[in-house]
Amino acid sequence: MENWSQDTKNILGLQLVTDPRWVNLASISLEEILTDHAWCEQKAANSCISLIQKYNDKEELVNELAPIVTEEWGHFRQVIQELRKRNLPLGRQRKDEYVNKLLEFQKKGGSPEERFLDQLLTMALIEARSCERFKRLSEGLSDAYLKNFYRKFMESEAGHYTLFINLADTYLPKEKVRKRWKEWIAYETGIMLNMAVRGDRIH
C-alpha cells in the first residue's frame, strides 16, 4: 500500500489510492468492467470533441486534443473487440457517479476563464483516476493477457492527465492552476472516501 500511495502522489497527484478490494471485485465482474470501460472511452472522446467545439479559438488546445479524440475512439474499439473475443456483449451505458460528483464541483458562475480551468482540471482528474485504476488492474488481475491490456491503457491515461494540466498552464497563470488543482484534489479525495467499493465500474 505504501508504494501504491507514493506512486499515486508523485506521478498522478492523487492523495488517495483505490481500495485494494476493488480489483478483487473487478476480477469477477469482467463483463461489467469491460462494458463500463468501453463507455468511459467513448465519453472521453466526446468530451474532447466538446472542448474543441467550445474553444475552437484556442489553437493549441485544438491541435493537442484532435489526436486524442482519435486515440480515445480507438480505445473504445479495442475494448469492444476484447468483449467480442470473450463472447461478451456491450452492455448499456450506466450512470457514472464519480464523474457526476466531479461535475458538481465545477464553477457554475465566475469568469469564463474559471469555468474553462475547471473543465480542464475535471478531465485531468478523470484521466488520473482512470490511470490509477488501470494500474491496479494491470498488477492485480490473474488473467495475463488482460494485465498487459490494462498496462497499455495505464500508460496512455497518464499522458492524457499531463496533457490537460499542461493545457491549463498554457492558457492560465500557473499559480492559479496549482491553487485550484489542490482544491480539486481535496474534493476528489472526499468523493473516493464516501463512494461504495464496486467491482463493476472503472470509477
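The values are calculated or read from the model by the stated rules, or taken from the named source; none is laboratory data. The model shown is predicted, which means the values in this text are computed figures rather than measured ones. FYI the Cβ positions are ideal-geometry reconstructions off the backbone, even for glycines, and counts take in every protein chain you see.
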Collect the residues in the stretch 160-203 that are among the polar types (S, T, N, Q) and within 19 Å of residue 51 (Cα to Cα), keeping them in residue-number order.
162, 166, 170
Scan the stretch 165-188 and tell me whether some residue there is within 25 Å of residue 24 (Cβ to Cβ) and surrounded by 13 or more Cβ atoms within 10 Å (Cβ to Cβ).
yes
State which residue is farthest from the chain's Cα centre (by Cα) when the search covers only the stretch 115-142 and only residues that are surrounded by 22 or more Cβ atoms within 10 Å (Cβ to Cβ) and basic (Lys, Arg).
135
Which is within 16 Å of the chain's Cα centre (by Cα), surrounded by 15 or more Cβ atoms within 10 Å (Cβ to Cβ), closer than 15 Å to residue 202 by Cβ and not aliphatic (A, V, I, L, M), of 73, 39?
39
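Among 55, 98, which is aromatic (Phe, Trp, Tyr) and farther than 23 Å from residue 171 by Cβ?
Unique residue meeting the criteria: 98.
Hey, which of the helices (runs of 4 or more DSSP H) in the stretch 30-124, taking only ones fully inside, have at least 3 residues that are touching a Cys at 6+ places or on another chain (Cβ under 8 Å) and either among the small types (Gly, Ala, Ser) or at pLDDT 95 or above (or both)?
59-85
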Restricting to the stretch 64-79, name every residue that is within 23 Å of residue 92 (Cβ to Cβ) and of a type in the set (Gly, Ala, Ser).
74
Please list, ordered by first then second residue, the pairs with beta carbon atoms under 6 Å, 6 or more apart or interchain, first in the stretch 92-104 and in contact (Cβ under 8 Å) with a residue 24 or more places away in the chain, second hydroxyl-bearing (Ser, Thr, Tyr).
102/122
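Of all residues in the stretch 184-203, which are of a type in the set (Asp, Glu) and part of a helix (DSSP H, G or I)?
Answer for the stretch 184-203, where residues must be of a type in the set (Asp, Glu) and part of a helix (DSSP H, G or I): just 188.
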Could you say whether any residue in the stretch 81-90 is under 14 Å from the mean Cα position of the chain (by Cα), in contact (Cβ under 8 Å) with a residue 12 or more places away in the chain and buried (at least 18 other Cβ atoms within 10 Å of the Cβ)?
no
Tell me the residue from 142, 138, 130 that is without any contact (Cβ under 8 Å) to a residue 24 or more places away in the chain and closer than 25 Å to residue 85 by Cα, please.
138
Within the stretch 70-124, how many residues turn out to be farther than 25 Å from residue 57 by Cβ and either among the β-branched types (Val, Ile, Thr) or out of contact with any His (no Cβ under 7 Å at 6 or more places or on another chain) (or both)?
29
In the stretch 55-70, what residues are surrounded by fewer than 17 Cβ atoms within 10 Å (Cβ to Cβ) and either among the β-branched types (Val, Ile, Thr) or touching a residue at least 24 places away in the same chain (Cβ under 8 Å) (or both)?
60, 62, 70
Quick check, is residue 26 touching a residue at least 40 places away in the same chain (Cβ under 8 Å), over 17 Å from residue 125 (Cα atoms) and in a helix (DSSP H, G or I)?
yes
Answer yes or no as to whether residue 111 is out of contact with any Leu (no Cβ under 7 Å at 6 or more places or on another chain) and farther than 24 Å from residue 64 by Cβ.
no
